[in-house]
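Notes follow the structure.
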Amino acid sequence: MRYYISDLGKHVGQKIELKGWAYNSRSSGKVKFLELRDGTGMVSCVFFKGECDEAAFNEFEKITQECSLKVEGTVRKHPKHENVYEIGATAFEIIGTAENYPISPKEHGTDFLMENRHLWLRSKRQMAVLHVRHEIISAIRDFFDGRGFTLTDAPIFTPSACEGTTNLFETKYFDEKMYLSQSGQLYMEATAAALGKVYCFGPTFRAEKSKTRRHLIEFWMVEPEVAFNDMYDNMDLAEEFVEYIVQRCLTNCSDELKTLERDISKLAPVKKPFPRLHYREAVDMILKENPAFINGDDFGAPDEAIVSAKFDRPVFVHHFPSAVKAFYMKEDPKDRGFAMGSDLLASEGYGEIIGGGQREDNLGILEKKIQEHGLKEEDFKWYLDLRRYGTFQHAGFGLGIERTVAWVCGLPHVRETIPFPRLYGRSYP
């Protein structure tokens, strides 16, 4: 039978065998301590002279940081801490040696850690981040699956741009020119016409030469689309969604957030309803602190931070100028020049985590917008068919996983939110 550290509470008093890696070790006279990790948790293995095999005690110094090994011993309750267990170790066997492990307990620079990202993942902090990421992804799937949405995958190779032509990764597709997907949204509009409530979840790519704490070249995004929803229905769905994710992480990831020293009092207020501001209202806030901002422009990171700092929870900014939004965004017929979309800005200056809105459902207007944006109509023939054959009001949004993980974990940079980040100027390992 295979035993795991996470299940030790079920085996108190039993003699078991654990397999894992040496996270840390130290000696103190007649007792030696090994901190063992196996991916499910960590446990202290205590070797007492006279209680363990003499060979194990004498050869303890052969255990090096991150060597893999097998430890035998008896599970017992920790003498001081509730629901904490330790191993009264009797023997060990080294499975794989690890000499001169490069990431020691001392401080290391960011470049060094990124160069050794494949090893940096083994640290307590990085493991905690990845556990939170897993919980967020699990929560996303549970939220949509539990509300009648159907997962419909979008292609990675696409023949045209979705979010603008300046940040596309071009690639060869046999004898054709293709691009790596910026978004699965257009395809979700098609599957929404078949299934009503749909979402896709996968990697997206933006060829942005940006070196900021908020940008990755490759990132994961979840994109729901709902037939017959309008912009306001879309915001209702988004705030319910974000509340669910955050509150679930507070419930299920308390240990990980503690490891990350996250101030959870900043996350506790993340409950609906979220404040909603028209673009004009947000601009008034920004101009008081950034007079150089030009009314009509999209927001930069400093502008988003000014707005979000006014609230203790995420805030929607809706009705951005149509000129700064994508070709598919519907213009408000009652407020000309403004799009029926919204961005959700996370609290604490983490910026936009959701962008979305109502899609243009009029065939003639959409054809005109494609021309105005300098796009090739033949690339969007299939997309125009959605308006040609039974057009319908619909709306959706995209949530970036990495920015959401950074916000929930309180991380200073998105490079820690994914196991192997792709950044401008860095593609190794």
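The values are calculated or read from the model by the stated rules, or taken from the named source; none is laboratory data. Keep in mind the model is a prediction, meaning the values are calculated, not measured. Here the Cβ is made from the backbone with ideal geometry for all residues, glycine too, and neighbour counts use every protein chain on show. Surface accessibility is based on the protein's heavy atoms, side chains included, excluding ligands, DNA and RNA. Shrake-Rupley method; radii C 1.70, N 1.55, O 1.52, S 1.80 Å.
According to the calculation over all Cα-Cα pairs in the chain, the P(r) per 10 Å bin from zero is 4, 18, 25, 21, 14, 10, 6, 2, 0 %. Counting only whole DSSP H helices of the chain, the ones at least 30 Å long by C-alpha along their axis and with mean Kyte-Doolittle hydropathy no lower than -0.5 are 124-145, 231-252.
The Rg/Rh ratio for the stretch 81-216 is 1.12, where Rg is the radius of gyration of the alpha carbons and Rh is the Kirkwood radius.
Keeping all protein chains in place, calculate the accessible area per residue for the stretch 9-96 (probe 1.4 angstrom), answer in Å².
Accessible surface, normalised per residue, equals 55 Å².
Just by accessible area at a 1.4 angstrom probe, what is the order of F33, F316, F205 from largest to smallest?
Largest accessible area first, the list is F33, F205, F316.
Put a plus charge on the Cβ of each Lys and Arg, a minus charge on the Cβ of each Asp and Glu, and nothing anywhere else: the dipole of the chain about its Cα centre is then about 960 debye. If the chain linking D385 and K15 were pulled fully straight, counting 0.36 nm for each residue of separation and taking away their Cα-Cα distance, it would gain 126.5 nm.
Of the whole protein surface, R213 contributes about 90 Å² of accessible area at a 1.4 Å probe radius. Using alpha carbon centroids, what distance separates the stretch 174-243 and the stretch 26-78, in Å? So the separation of the two Cα centres works out to 48 Å. Measuring between their Cα centroids, the stretch 272-294 and the stretch 317-392 lie 21 Å from each other. Sort the stretch 320-420 into rounded, prolate or oblate with this rule: let a ≥ b ≥ c be the square roots of the eigenvalues of the Cα gyration tensor; rounded if a/c is under 1.5, and if a/c is not under 1.5, prolate when a/b is larger than b/c, oblate otherwise. Prolate, because a/c is 1.5 or more and a/b exceeds b/c. Calculated mean residue ellipticity at 222 nm for the chain: -8500 deg cm²/dmol, from DSSP H runs with n ≥ 4 weighted as -39500 (n - 2.57), summed, divided by the residue count and rounded to 500.
Where a ≥ b ≥ c are the square roots of the eigenvalues of the C-alpha gyration tensor, would you call the stretch 203-286 rounded, which needs a/c under 1.5, or, failing that, prolate if a/b is larger than b/c, or oblate?
rounded
The packing ranking, built from the mean of other Cβ atoms within 10 Å per residue, places the peptides 250-263, 396-409, 123-136 in the order 396-409, 123-136, 250-263, highest first. Ordering F293, I354, L384 by Cα displacement along the dipole of the stretch 281-429 toward the positive end leaves L384 in first place; charges were set at the Cβ atoms of Lys, Arg (+1) and Asp, Glu (-1).
A Cβ-based charge dipole, computed about the Cα centre of the stretch 50-181 with Lys and Arg at +1 and Asp and Glu at -1, lands at about 440 debye. Please work out whether the stretch 168-227 counts as rounded, prolate or oblate from its C-alpha gyration tensor, where a ≥ b ≥ c are the square roots of the eigenvalues and a/c under 1.5 means rounded, while otherwise a/b larger than b/c means prolate and anything else oblate? Since a/c reaches 1.5 but b/c is at least a/b, the shape of the stretch 168-227 is classed as oblate.
Orientation-averaged projection of the stretch 299-374 equals 5.4 nm² [convex hull of Cα atoms, one quarter of hull surface area]. Scanning residues 5 or more positions from I354 or on other chains, those with amide H under 5 Å from its amide H are L344, with H placed 1.01 Å from N in the peptide plane.
Given a 1.4 Å probe and the protein chains as shown, S28 ends up with an accessible area of around 70 Å². Within 11 Å, Cβ to Cβ, of G410, how many net charges do the neighbouring residues add up to if Lys/Arg are +1 and Asp/Glu are -1? Its environment carries a net charge of -2.
Annotation: amide H of C52 has no partner in the under-5 Å range at sequence separation 5 or more or interchain, hydrogens built in the peptide plane. Taking all Cα pairs closer than 8 Å and separated by 6 or more residues, the relative contact order of the chain comes to 14 percent. Taking each residue as 0.36 nm, the span from A98 to T110 lengthens on full extension beyond its C-alpha to C-alpha distance by 2.0 nm. Computed packing ranks the peptides 377-386, 415-424 as 415-424, 377-386, most packed first, by mean other Cβ atoms within 10 Å.
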